[in-house]
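The values are calculated or read from the model by the stated rules, or taken from the named source; none is laboratory data. Model, not experiment: these values are computed from the prediction. Cβ sites come from the backbone with ideal geometry, for glycine too, and all protein chains shown count toward neighbours.
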Amino acid sequence: MAAGGADKFSVLLPTYNERENLPLVVWLLARTFRESGNNFEIIIIDDGSPDGTQEIAEQLEKIYGSDKIVMKKIISVLFSSGTAYIHGMKHATGNFIVIMDADLSHHVSLHFIKQKEGNFDIVSGTRYKGNGGVYGWDLKRKLISRGANFITQVLLRPGASDLTGSFRLYRKEVLQKLMEKCVSKGYVFQMEMIVRARQLGYTIGEVPISFVDRVYGESKLGGNEIVSFLKGLLTLFATT
Amino acid sequence: GAGRSGPVRFSRLLSPQAAMTKLGQWLCGLALLGSAWATLALAPPGLQLPAPYRQALLPLPVYLLVAFGCYSLATVGYRLATFNDCEEAAAELQEDISAARADLRRRGLRF
């Protein structure tokens, strides 16, 4: 009994210094896909990490098989999510692409796979609805997050509750089309994808996710991030 | 964009690509409301509305701004207060991490 028919899920993991987290993420993903009976592959796009991320990825490739773990190295000065995804997509053989951070920020529970039954073009994880949420955030961080999201909703009316989360499932051709159209960098890029997707008439489903603060490593949310977020938001406001 | 000779194709105006930017929509909306307000509130003596209406209309923009400000504060405050803390998810994750490390070690991963 084939659970997902001929569907195959390609998970794109851009990494930089994720030596600690990467095996755990891969293990969690592998377990979730095995349990749901879906065919999958994990494409690791590493930007020349000096901490041995690539070496760990190669070990994982041996353990899980090179049809399941695909290691791609890029070394670029202007490493951005966009570059990594473009690179990763070239090697993706699935018809669905999952994009998530490689750090353990996204508790891997793939309701996505089930949610996909709504036949959405995109399924987006949201921290703000249902039983989605966060762990390990202080009041200040929560306030900034909610405030920023409110401004985004007012200005962009995107039709999705969480634009800056980056745990999403896309149909492959949808992602390809969006990558052609989107020009921003960093997480503004994630926002732009949803906005453009709406303009192009793609259907977007939402699934609550738990954003557990980085288990290893530090999160960054300083004045610089806020300023660049606002700049990106205003750019999207003026151009989409 | 590149110059186009010839008439604008009507179908292009109807396509999604021709939609206004959000900024454009805001400017249009504000221009419409603004001119309506200005026409009614600043009309010459002969065409004015009765005094009570004018008195209510004049400060309306400020009232709306303040109302929106209150709405924003209330909404963000409410959402902040109801922002879920995922205790269970965090605990689950810790267990998963232990299980993952044990299993991977068994399968030969050198951390």
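Here are the numbers:
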read-out	value
Of all residues making up region A:157-190, the number that are out of contact with any helix residue (DSSP H, G or I) (no Cβ under 6 Å at 6 or more places or on another chain) and closer than 16 Å to B:Lys22 by Cα	1
Residue check, B:Ala100 closer than 18 Å to A:Pro23 by Cβ, in a helix (DSSP H, G or I) and either under 17 Å from the mean Cα position of the chain (by Cα) or within 8 Å of chain A (Cβ to nearest Cβ) (or both)	yes
Options A:Ser161, A:Ser166; residue that is out of contact with any Cys (no Cβ under 7 Å at 6 or more places or on another chain), in contact (Cβ under 8 Å) with a residue 40 or more places away in the chain, crowded, with 16+ Cβ neighbours inside 10 Å and within 12 Å of another protein chain (Cβ to nearest Cβ)	A:Ser161
Residue match in region B:64-74 (condition: farther than 22 Å from A:Thr53 by Cβ, within 8 Å of chain A (Cβ to nearest Cβ) and surrounded by 13 or more Cβ atoms within 10 Å (Cβ to Cβ))	yes
Residue that is surrounded by the fewest Cβ atoms within 10 Å (Cβ to Cβ), among those in region A:60-83 that are modelled with pLDDT under 80 and part of a helix (DSSP H, G or I)	A:Thr83
A:Ile226 being surrounded by fewer than 20 Cβ atoms within 10 Å (Cβ to Cβ) and more than 10 Å from chain B (Cβ to nearest Cβ)	yes
Check on A:Glu35, acidic (Asp, Glu) and at pLDDT below 85	yes
Selection within region B:79-95 - facing chain A (nearest Cβ under 9 Å), outside any loop (DSSP other than H, G, I, E, B) and modelled with pLDDT of 90 or more	B:Arg79, B:Leu80, B:Asp85
Region B:81-110 residues that are farther than 23 Å from A:Glu58 by Cβ and surrounded by 12 or more Cβ atoms within 10 Å (Cβ to Cβ), paired with ones that are at pLDDT 95 or above and among the hydrophobic types (A, V, I, L, M, F, W, C) (beta carbon under 7 Å, 6 or more apart)	none
Residue, surrounded by the most Cβ atoms within 10 Å (Cβ to Cβ), within region A:37-59, restricted to residues that are in contact with a Gly (Cβ under 9 Å, 6 or more places away or on another chain) and of a type in the set (A, V, I, L, M)	A:Ile44
Restricting region A:119-143 to residues that are at the interface with chain B (Cβ under 10 Å from one of its Cβ atoms) and assigned to a loop (DSSP other than H, G, I, E, B), the residue that is nearest to B:Leu23 (Cα to Cα)	A:Tyr128
All positions within region A:173-192 that are without any contact (Cβ under 8 Å) to a residue 40 or more places away in the chain and among the aliphatic types (A, V, I, L, M)	A:Leu178, A:Val183
Where B:Gln55 falls short, out of the listed (1) at pLDDT below 80; (2) farther than 25 Å from A:Arg157 by Cα	(1)
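Here's the yes/no breakdown for (1) under 27 Å from A:Gly222 (Cα atoms); (2) buried (at least 16 other Cβ atoms within 10 Å of the Cβ); (3) more than 10 Å from chain B (Cβ to nearest Cβ):
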{"residue": "A:Lys177", "(1), (2), (3)": "no, yes, yes"}
{"residue": "A:Cys182", "(1), (2), (3)": "yes, yes, yes"}
{"residue": "A:Gln190", "(1), (2), (3)": "yes, yes, yes"}
{"residue": "A:Gln199", "(1), (2), (3)": "no, no, no"}
